[in-house]
Structures are given as structure tokens and as C-alpha cells.
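Worksheet: the structure to be examined is printed underneath.
Please treat every number below as a calculation from the coordinates, not as lab data. Every value quoted in this text rests on a predicted model; they were computed, and no experiment measured them. Every residue, glycine among them, receives a Cβ derived from its backbone with ideal geometry; neighbour counts consider all protein chains shown.
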Amino acid sequence: MHRSKRGLTTGLLGLCLALGLAACSATFDNHGFVPPPEDLAAVNIGDSRDSVAEAIGTPGASGVMRDEAWFYTAYRVRNYAYRAPEVTERQILAVSFDGAGRVQNIEEFGLDDGEIIELSRRVTTSSVREVSFLSQILSNFGRINIGEALGGE
């Protein structure tokens with residue numbers, strides 16, 4: 001009986017150690033879609049927007065202000081225990097269109113092509129005066145016309 005208790009304890013300790021190590025291993029998440037090269041070969045400069053959609057599908061994102069480009073994006077994120085997620089791979093395919101809706105350019109970008117952009121921390125000043133909530137309510141009592149509020153003239 002003593003041996004089986006020791007074996008059980010050793011087994012549980014080994015299981016806890018294995019689970020602890022497994023919890024610290026990296027996990028990877030894949031997001032997005034970039035068409036494979038064999039599908040992309042069907043798209044040529046001068047093709048219409050409809051033929052591009054038929055050949056490689058419509059993207060998840062397009063131009064922000066105008067629909068002058070389609071962006072196909074795919075990226076792989078590494079999550080490791082308590083650390084911040086890290087993008088390990090990134091592919092971006094940009095298909096640009098001219099004014100007539102014809103393919104003008106096809107470009108591919110990777111993780112190395114990206115640039116870090118510093119966000120602006122400017123704050124817009126408020127036009128609200130520094131008046132307390134109670135002061136604002138009390139100052140409105142003189143402006144209320146009971147006749148208008150009740151539907152009269």
C-alpha cells in the first residue's frame with residue numbers, strides 16, 4: 001500500500017509538472033487571408049474589379065475614403081504565457097484600381113516592410129465651462145417658459 005501511495009504521488013507530481021510546462025508553451029493564432037500565388041496568377045494589370053473578385057475573392061478591407069484599392073491581409077500572432085502577443089508573420093497584398101475600376105498595380109508587403117507609427121497624443125480643448133452640474137441646472141430655471149413647455153404660445 002505504501003508503494004502505491006508513493007507511485008500515485010509521483011504520478012500526480014509528474015502530471016502537475018507536465019501541465020505547468022505545457023501552460024508556458026507558445027500558442028499561435030492565424031488571422032486573415034491572402035490568396036495563394038496560383039490564384040493570384042490569374043489577376044493581370046487591366047483586369048476589372050469583377051474579374052478580380054471572381055479570381056481571388058473580395059477582401060476584408062478596402063480603401064478608407066474611396067474604394068481605390070483592395071487589401072488582403074494575413075498575419076500570425078504568437079501568444080506566450082503572460083507576455084504581450086507578438087506578430088511573427090505578416091502578409092499584405094494590395095490591389096490598386098484606377099478611376100475606371102481596372103487593376104493598376106499589385107503589391108505585396110511583409111513584416112519587414114512595416115514602419116512603427118507614433119500616435120499623436122494631442123487633446124482637443126473642451127468648450128464646456130468649468131461649471132458644476134448643479135450650477136448648470138439652477139441657471140436654466142430662469143430660461144424655462146412654462147407656457148411653451150405645456151404647448152401654449
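Run the numbers on the stretch 26-115 and let me know its relative contact order in percent, using alpha-carbon pairs under 8 Å that are six or more apart.
30
Can you tell me the length gained on complete extension of the stretch N140 to F28, counting 0.36 nm per residue apart and subtracting the Cα distance?
34.5 nm
Which values of log₁₀ I(q)/I(0), to two decimal places, follow from the Debye formula for the stretch 26-115 at q = 0.18 Å⁻¹ with a uniform point scatterer at every Cα?
Values, matching the q order: -0.80.
Please arrange R90, R83, R76 by how many other C-beta atoms lie within 10 Å of their C-beta, fewest to most.
Listed from fewest to most nearby Cβ atoms, that is R83, R76, R90.
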